[in-house]
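S.K.: So that we are looking at the same thing, I have put the structure below in structure tokens.
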Amino acid sequence: TTKLPFLYILSIAMAQNVGSNFFTVKNLKLGYHFLISHTPYLFVIPAISALGFYNLLTITTLEDLNNHIILMLKSWPIIIIIIIFFAALYLIRGRPRNVYLVDFACYKPDEADMMSKQQLLDIMSLTFDDEAVHLQKKVLEKSGYSDKTYVPEGIRRLPEKLLTFEESRKETEKVMFGAIDDLLAKTKVKAREIGIIIVNIGLYNPTPSLSSMIVNHYKLGSDVLTYNISGMGCSAGLISIDLANRLLQTQVSAYAMVVSTESIHCGYYLGKDKSKLVSNCLFRMGAAAVLLSNCFSDSRRSKYKLMHVVRTHKGADDRAFKSIYQEQDEDGNIGISLSKGLMVVAGETLKSNIMTLGPLVLPMSEQLLYFGYLIARKIFKLKNIKPYIPDFKLAFEHFFIHAGGRGVLDEMEKNLDLTEWHMEPSRMTLYRFGNTSSSSLWYELAYSEAKGRIKKGDRAWQIGFGSGFKCHSVVWHALKTINPDMEKNPWTDEIHDFPVNVPLVMPLSV
């Protein structure tokens, strides 16, 4: 029905006697959106056609027709010259290369790494005092996590074995190489064909770097470009996509691999500061590897095309800068503090981000409404007018929001006016795998693929938040319909068990 003229839809609805229910705010808004979005078809094209038809009516003799044809033929060289001029200008200014997402892989840990919330709480009861255990118990109960998330061996063996640097290396190698092995197997690309390696991790920063560890493990060529991104939080995965995109603009027929992960060992806090204990309950084990290409020949087999990257950094604001802050406590224990104003900071940063993204993706109908709201607020000083939130559901079919925590997802659902269906990939990822830091967005995309929801032409919006404070958006265009029967990802063997109803509170015994 969206392809039919708006007035035709209206006439059918009225003919079917749908009554006053048709003229709801929602239906009128959809009609307005259709009218604005299809203006060229409804007004411009008919006007041009009418003008051409009028010119034909002025032709009364054979001589007039002959003169008309001669005039058209004389105009063609001018039109061709104009087309060539603008095409040359476009090429001189530098046509951006298309970047394709060939495929991606998410690491699924072994069952031996699986740990229930109660088991984790039992370890905490042997490591912390009663007050600290009580606080972490409350966080775990309201976390929205299942009892099937994964924790590395070093934490599972606390307190009998202390956390070590080598345990962090062991954990990181396991998840990174596992994800990369799956990616190479899916794409049939040889490791030595990859010209750019970008690894992002928040806390663990060994020497040689993680990207060098990959070069050594897979014996990559000496001309490979390697980059390591650290300390940028959960949004670093999308920063890596942006960096890969920029690098691929300078390369000819190249592959770039982005690896996103986090070391849970390095982030585990053993002190008494309440603001730092919360992070012990949030992060879980995971990694993702993404293969990007700027080769046109890869467009046919690639899953997605990169459309937009929008980055927002609020680090100049001291409150935002310290909202997620790593520091030592009075006893010398290093941990990450989460401020009470974190949700407010996240909301303000998201607002700045979508104000930049909106004009790039929203239909003109929504942009006009938002522009009208700004005029009312800024020019006419109407302070009591309700803020207008653009309907991003008109721009995207899929929303993948960083599974940072239940509170984050609740706020995003409310602020963007999303449905349970839109939030399902993020909520189920949080439930099944927990917060896997920057790789969580790829587990969410894998969920929608396993559900068979990705259709050719769909638009997907990935939203990541990170320390600093930062918010980043990446927009993808689906190049094919993903057949779940042909896919293998962490959800494949259990996708039919989801979605599930997650209780607000899941009581623990300790």
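The values are calculated or read from the model by the stated rules, or taken from the named source; none is laboratory data. Predicted model only: the values in this text are computed from it and were never measured. Cβ atoms come from the backbone with ideal geometry, glycine included; neighbour counts cover every protein chain shown. Remember, those area values only see protein heavy atoms, side chains included, never the ligands or the DNA or RNA. Shrake-Rupley method; radii C 1.70, N 1.55, O 1.52, S 1.80 Å.
S.K.: Taking Trp442 as the residue in question, decide whether it is under 21 Å from Gly237 (Cβ atoms) and aromatic (Phe, Trp, Tyr).
M.R.: The answer is yes for Trp442.
S.K.: Could you go through region 424-437 and let me know if any residue there is part of a loop (DSSP other than H, G, I, E, B), closer than 19 Å to Ala289 by Cα and open to solvent by less than 10 Å² (accessible area, probe 1.4 Å).
M.R.: yes
S.K.: Is it the case that region 189-196 has a residue that's under 17 Å from Cys266 (Cβ atoms) and open to solvent by 10 Å² or more (accessible area, probe 1.4 Å)?
M.R.: Among the residues of region 189-196, not one is under 17 Å from Cys266 (Cβ atoms) and open to solvent by 10 Å² or more (accessible area, probe 1.4 Å), which makes the answer no.
S.K.: Taking the condition in contact (Cβ under 8 Å) with a residue 60 or more places away in the chain and farther than 27 Å from Val361 by Cβ, does Val500 pass?
M.R.: It is true that Val500 is in contact (Cβ under 8 Å) with a residue 60 or more places away in the chain and farther than 27 Å from Val361 by Cβ.
S.K.: Also: Look at Asp129 and say whether it is among the charged types (D, E, K, R), open to solvent by 70 Å² or more (accessible area, probe 1.4 Å) and in contact (Cβ under 8 Å) with a residue 40 or more places away in the chain.
M.R.: Taking the combined requirement at face value, the residue satisfies it.
S.K.: Among the residues of region 87-117 satisfying the criterion of being outside any helix (DSSP H, G or I) and of a type in the set (Lys, Arg), which is modelled with the highest pLDDT?
M.R.: To start, the set of residues in region 87-117 that are outside any helix (DSSP H, G or I) comprises 94-110, 114-116.
Okay, now just the ones that are also of a type in the set (Lys, Arg), so 95, 97, 108.
Working: Arg95: 72, Arg97: 91, Lys108: 97.
In this case the residue turns out to be Lys108.
S.K.: Can you find, within region 365-393, the residue that is farthest from Glu141 (Cα to Cα) among those that are of a type in the set (Phe, Trp, Tyr) and part of a loop (DSSP other than H, G, I, E, B)?
M.R.: Taking the candidates together, the pick is Phe380.
S.K.: Then there's this: Among the residues of region 379-388, are any hydrophobic (A, V, I, L, M, F, W, C), under 19 Å from Met307 (Cα atoms), open to solvent by 50 Å² or more (accessible area, probe 1.4 Å) and touching a helix residue (DSSP H, G or I) at 6+ places or on another chain (Cβ under 8 Å)?
M.R.: no
S.K.: What are the pairs, 6+ residues apart or on separate chains, where a residue within region 459-481 that is at positive phi has its Cβ under 9 Å from a residue that is in a strand (DSSP E or B)?
M.R.: So the pair list comes out as Gly468/His313; Gly468/Ile324.
S.K.: Residues in region 324-346 that are crowded, with 16+ Cβ neighbours inside 10 Å and of a type in the set (Gly, Ala, Ser): how many?
M.R.: The qualifying residues number 4.
S.K.: Any idea which residue in region 139-164 is surrounded by the most Cβ atoms within 10 Å (Cβ to Cβ), counting only those that are outside any helix (DSSP H, G or I) and of a type in the set (D, E, K, R)?
M.R.: Ranking the candidates gives Lys142 first.
S.K.: Based on this model, can you work out whether Trp442 counts as aromatic (Phe, Trp, Tyr) and more than 28 Å from Val345 (Cβ to Cβ)?
M.R.: No: the conditions fail for Trp442.
S.K.: Here is a further query. Could you list, in sequence order, the residues of region 269-296 that are small (Gly, Ala, Ser) and part of a strand (DSSP E or B)?
M.R.: Residues satisfying the conditions are Ala287, Ala288, Ala289, Ser293.
S.K.: If we keep just the residues of region 301-313 that are of a type in the set (D, E, K, R) and open to solvent by 70 Å² or more (accessible area, probe 1.4 Å), which is farthest from the chain's Cα centre (by Cα)?
M.R.: Arg301
S.K.: Same structure again: Looking at region 394-417, which of its residues are open to solvent by 60 Å² or more (accessible area, probe 1.4 Å) and part of a helix (DSSP H, G or I)?
M.R.: Residues satisfying the conditions are Asp410, Glu411, Lys414, Asn415.
S.K.: Working only within region 452-487, note down all residues that are open to solvent by 50 Å² or more (accessible area, probe 1.4 Å) and either of a type in the set (Asp, Glu) or in contact with a Gly (Cβ under 7 Å, 6 or more places away or on another chain) (or both). Reasoning before the result, please.
M.R.: Filtering region 452-487 down to residues open to solvent by 50 Å² or more (accessible area, probe 1.4 Å) leaves 455-456, 459, 477, 480-481, 483, 485-486.
Selection gives Asp485 alone.
S.K.: If you don't mind, another one. Out of (1) free of Cβ contacts under 8 Å to residues at least 60 places away in the same chain; (2) under 14 Å from Val199 (Cα atoms), what's the single condition that is false for Ala254?
M.R.: (2)
S.K.: Checking the condition within 33 Å of the chain's Cα centre (by Cα), modelled with pLDDT of 90 or more and assigned to a helix (DSSP H, G or I), which residue from Glu167, Glu171 passes?
M.R.: None of the others qualify; the one that does is Glu171.
S.K.: Could you list, in sequence order, all residues of region 197-213 that are farther than 11 Å from Thr261 by Cβ, open to solvent by less than 40 Å² (accessible area, probe 1.4 Å) and either out of contact with any Phe, Trp or Tyr (no Cβ under 7 Å at 6 or more places or on another chain) or touching a residue at least 60 places away in the same chain (Cβ under 8 Å) (or both)?
M.R.: Ile197, Ile198, Pro206, Ser209, Met213, listed by residue number.
S.K.: Is it the case that some residue within region 270-280 is modelled with pLDDT of 90 or more, touching a His at 6+ places or on another chain (Cβ under 7 Å) and open to solvent by less than 10 Å² (accessible area, probe 1.4 Å)?
M.R.: Checked region 270-280: no residue is modelled with pLDDT of 90 or more, touching a His at 6+ places or on another chain (Cβ under 7 Å) and open to solvent by less than 10 Å² (accessible area, probe 1.4 Å).
S.K.: What is the number of the single condition among (1) assigned to a loop (DSSP other than H, G, I, E, B); (2) crowded, with 17+ Cβ neighbours inside 10 Å that Pro507 does not meet?
M.R.: With (1) assigned to a loop (DSSP other than H, G, I, E, B); (2) crowded, with 17+ Cβ neighbours inside 10 Å applied to Pro507, the lone miss is (2).
Condition check ((1) out of contact with any helix residue (DSSP H, G or I) (no Cβ under 6 Å at 6 or more places or on another chain); (2) within 24 Å of Ser230 (Cα to Cα); (3) of a type in the set (S, T, N, Q)) across all residues:
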{"site": "Asp298", "(1), (2), (3)": "yes, no, no"}
{"site": "Val309", "(1), (2), (3)": "no, yes, no"}
{"site": "Phe321", "(1), (2), (3)": "yes, yes, no"}
{"site": "Tyr325", "(1), (2), (3)": "yes, yes, no"}
{"site": "Gln328", "(1), (2), (3)": "yes, yes, yes"}
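Matching residues to (1) within 18 Å of Ala105 (Cα to Cα); (2) not charged (D, E, K, R):
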{"site": "Phe392", "(1), (2)": "no, yes"}
{"site": "Gly404", "(1), (2)": "no, yes"}
{"site": "Gly407", "(1), (2)": "no, yes"}
{"site": "Asp410", "(1), (2)": "no, no"}
{"site": "Asp417", "(1), (2)": "no, no"}
{"site": "Leu445", "(1), (2)": "yes, yes"}
{"site": "Ser448", "(1), (2)": "yes, yes"}
{"site": "Ile454", "(1), (2)": "yes, yes"}
{"site": "Pro499", "(1), (2)": "no, yes"}
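S.K.: If I ask for residues that are in contact (Cβ under 8 Å) with a residue 40 or more places away in the chain and open to solvent by 40 Å² or more (accessible area, probe 1.4 Å), which ones from region 488-497 would you list?
M.R.: Of everything in region 488-497, those that are in contact (Cβ under 8 Å) with a residue 40 or more places away in the chain and open to solvent by 40 Å² or more (accessible area, probe 1.4 Å) turn out to be Lys488, Thr492.
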